[in-house]
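Readers should treat all values here as calculations from the given coordinates under stated rules, not as data from a laboratory. What you see is a predicted model, and the numbers here were worked out from it, not measured in a lab. We place every Cβ from the backbone using ideal geometry, glycine too, and count neighbours over all the protein chains shown.
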Amino acid sequence: MKIAIQGIPGSFHHQVAINLFGKGGSISTYRTFEEVAKSIYSEIDEVGVMAIENSIAGAILPNYELIDRYGLVILGEYYLPISHNLMVLPGQRISEIFEVRSHPMALLQCKIFFQDYPRISLIDDVDTATVAKRIAEEKIKGLGAIASKTAAEIYQLEILAEDIQTVQNNFTRFIILGKQKGIPDFIPNKASLKVTIRNEKGSLAKLLTLMSENDLDLSKIQSIPVIDKPWDYAFFIDTQFENYHTYIQVLNKIIENGGEVKVFGEYLSNR
Ligand SMILES: O=C(O)C(=O)C[C@]1(C(=O)O)C=C[C@@H](O)C=C1
């Protein structure tokens, strides 16, 4: 199995790929999420692992757009507990650190910790582990990385502060992407959809009522602009349900009411 991820060994995407596919899978590493999407679209890799939302920092909105634009399919999801650690070249003290680099989502998750260190600038970088690797290889002083304990071990950095995420209970939801829908050997209980409704008074309220009356639990709703129709909105919706048949009926109802539905994926909830 060829698996595409953003980031290098020691990154959280790498951890998820190993947890899901074992050490036997062949992991291709990319710098950006766009490259991951492209590799699945062009069938260079069979599946991709992509972070989509975090319990502290929120949704990674551009990734929804990538799934939509490349017409990819969501095959499943995975929730990973995330622990962030501040790491530096061995021997450095926190008073000697003036810059910390990491993935933007990781920085968002640790913002509160750095309020006590206003001297330290926080700078976006490609992924958590790449910064750790760079500090180790180039022996960079004065710079810290925010990354996992595994990254500190791999790149032999010293951890100055453990678990610096704003709350201890921190999860990132990853999705598993493919080019085509497989033939499922399960009945899905969760779906990711893009729903476009008419820009009329009450249309969103009607959509939500239809879902709730049919026991479709809304686990996520995110409005996104419709690029070719300024000020019209579409919604990315994740919904969980017990009855697949009722879920299909709701989709048909939305279409009967003049809405458009694009199904990104139907899968098993991992929670
Ligand atoms: O930089 C990494 O290690 C990643 O795997 C990326 C990423 C993300 O995209 O959200 C993954 C999980 C954490 O929430 C922080 C960063």
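Take 70, 155 and order them by how many other Cβ atoms sit within 10 Å, fewest up front.
On the way: 70 18, 155 22.
Ranking 70, 155 by Cβ neighbours within 10 Å, fewest first, gives 70, 155.
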Only helical DSSP H runs with n ≥ 4 go in: add -39500 (n - 2.57) per run for the chain, normalise by residue count and round the 222 nm mean residue ellipticity to 500 deg cm²/dmol. -8000 deg cm²/dmol
Of 249, 109, 156, which is the most mobile in a GNM of the chain whose springs link Cα atoms less than 10 angstrom apart? 249
Treating the angle as unsigned and between 0 and 90°, give the value, to the nearest 10°, between the Cα long axis of helix 203-213 and the longest Cα principal axis of the chain. 90
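Peptides 212-223, 74-85: what's the order by average Cβ count within 10 Å, highest mean first?
Output ranking for 212-223, 74-85: 74-85, 212-223.
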Degrees, to the nearest 10: 244-256 long Cα axis against longest axis of the chain: 70
Quick one: helix 12-21 against the long Cα principal axis of the chain, what's the angle to the nearest 10°, folded into 0 to 90? 60
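Any idea what the relative contact order of the chain is, in percent, if you count C-alpha pairs under 8 Å spaced at least 6 apart?
23 percent.
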